[in-house]
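I have placed the structure first, in the form of structure tokens, so that the comments after it can refer back to it.
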Amino acid sequence: MREDRPSSTATLIAAATVFLDGDSRVGGLVPPGAAAYCRRFIAAAPASTRAAVNALCHPALRWLARLAERSTVPGLMLHFMLRKRMIESAVTEAISRGASQVVVPGAGFDTLALRLHCSHPSVTFIEIDHPATQRCKRVTVEADQAAGGNLVFQPADLTRQTLEEALLCVPAYRRGANSVFVIEGVLMYLTYKEVSALFQVFGTHGGSGSRVVFTVMEPTAGGRIDFHNATPLVRRLLRLWREPFKSGFVVAELPAFLHKFGFVLNSVANAGNLRARYFAGFAGNPPDTARGELICIADKR
Ligand SMILES: C[S@@+](CC[C@H](N)C(=O)[O-])C[C@H]1O[C@@H](n2cnc3c(N)ncnc32)[C@H](O)[C@@H]1O
């Protein structure tokens with residue numbers, strides 16, 4: 001993570017959202033309203049990022065974006081959309097069951113809180129992210145006057161401040177409330193010790209009924225922590241971006257891990273489950289999606 005510019009991976013996910021929104025076959029899988037926000041975030045990104053994304057989304061150059069995806073992690077962009085759909089349904093279900101607070105550490109350019117806070121005015125949404133990424137999002141949201149009073153942005157570099165310290169800086173945050181913690185596409189960049197520290201906070205701060213919706217990498221059969229269909233190029237790129245994967249979980253170890261922090265595993269979805277859920281009724285052969293990331297829902301015991 002560089003100090004002077006938004007996270008490359010958060011930008012990649014925003015770019016994928018814009019790109020797929022323009023795809024006649026799968027555009028319908030982009031969460032409604034997400035692409036419009038992501039277009040605005042990209043417009044506020046550094047000029048080089050903006051130029052690259054705009055070029056790759058141009059109809060004449062879309063093949064180049066597809067080629068780049070095929071050369072790295074085939075189906076990664078669509079995987080991002082399916083995981084976002086699943087996470088959104090887990091969050092809205094928790095809200096319908098009484099959650100009054102949604103906390104999103106490492107929110108990046110995700111649009112879940114932005115889109116849901118208007119339709120759930122009694123729920124407090126708190127995004128915590130590295131200042132370099134959040135600044136770019138916040139400037140756009142403030143310019144558009146898109147945030148209601150129940151959406152809070154709290155900047156924090158979580159290598160210098162704990163999640164607990166960051167949350168205590170938010171006056172609207174209520175420790176002990178029935179909460180949903182959403183940690184999407186983040187845990188793989190942390191060590192096991194750092195992941196445990198976050199779950200410790202979720203477990204001690206989340207009140208009765210609380211839920212954690214999170215994603216983790218599932219190691220390959222050979223023990224490598226990566227997308228299972230990644231090409232060798234990816235590892236070099238992640239090193240270049242300074243955002244390498246550091247942790248992964250096999251499904252069988254999740255229940256015991258969660259138990260230590262007071263949670264039970266409610267469900268876990270791999271690429272096959274996501275495909276079965278979101279491609280039912282898809283006309284023709286559904287496109288590839290990346291394999292190796294698990295979308296997990298854990299509920300407080
Ligand atoms: C892969 S992105 C995921 C973004 C978002 N959750 C999503 O899935 O669309 C990782 C996020 O972690 C954030 N991040 C990385 N290092 C961080 C740090 N030291 N403190 C706080 N946030 C950090 C980045 O700014 C980025 O938004």
(message) For the stretch 8-300, what does the relative contact order come out to in percent, with C-alpha contacts under 8 Å and a separation of six or more?
(response) 19
(request) Using R₀ = 30 Å, calculate the FRET efficiency as 1/(1 + (r/R₀)^6) where r is the Cβ-Cβ separation of Ser71 and Ala36; round to 0.05. (result) 0.55
(request) Kindly work out what percent of the DSSP beta bridges joining two residues of the stretch 8-300 are antiparallel, to the nearest 5. (result) 45
(message) I'd like to know which of Ala34, Ser210, Ala55 lies farthest towards the positive end of the charge dipole of the chain, counting +1 on Cβ of Lys and Arg and -1 on Cβ of Asp and Glu.
(response) Ala55
(message) Just to verify a number: FRET efficiency for Leu240 and Arg277, C-beta to C-beta distance, R0 = 25 Å, to 0.05?
(response) 0.15
(request) Report relative contact order for the stretch 1-44 in percent, whole number only (criteria: Cα-Cα under 8 Å, sequence separation at least 6). (result) 39
(message) Taking just the alpha-carbon atoms of the stretch 1-135, what radius of gyration and Dmax come out, in angstrom?
(response) 15.4, 48
(message) Taking the Cα centroid of the stretch 264-301 and of the stretch 1-59, what is the distance between the two, rounded to the nearest whole Å?
(response) 23
(request) Apply the membrane-span-like helix rule to the chain: whole DSSP H runs, Cα extent along the own long axis of at least 24 Å, mean Kyte-Doolittle hydropathy at least -0.5. List the helices found. (result) 76-96
(request) Using the structure shown, list the pairs from Lys84/Lys137; Lys84/Lys300; Lys246/Lys300 with a Cα-Cα distance above 24 Å, or answer none. (result) Lys246/Lys300
(message) Let's see if you can work this out: charge +1 on each Lys and Arg Cβ, -1 on each Asp and Glu Cβ, no other charges. What is the dipole magnitude of the chain about its Cα centre, in debye to the nearest 20?
(response) 340
(request) Report Rg/Rh for the chain, rounded to two decimals, where Rg is the Cα radius of gyration and Rh the Kirkwood radius. (result) 0.93
(message) Suppose every Lys and Arg Cβ carries +1 and every Asp and Glu Cβ carries -1, with no other charges. What dipole size does the stretch 56-125 come out with about its Cα centre, to the nearest 20 debye?
(response) 220
(message) List the aspartates and glutamates whose Cα sits under 19 Å from the Cα of Lys260, skipping any in the same chain fewer than 8 residues away.
(response) Glu164, Glu194, Asp299
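Every read-out reported here was derived from the displayed coordinates using simple, explicitly stated rules and does not represent laboratory data. Because the structure is a prediction, the values reported are computed rather than measured. Cβ coordinates were reconstructed from backbone atoms using ideal geometry, including for glycine residues, and neighbour counts include every protein chain displayed.
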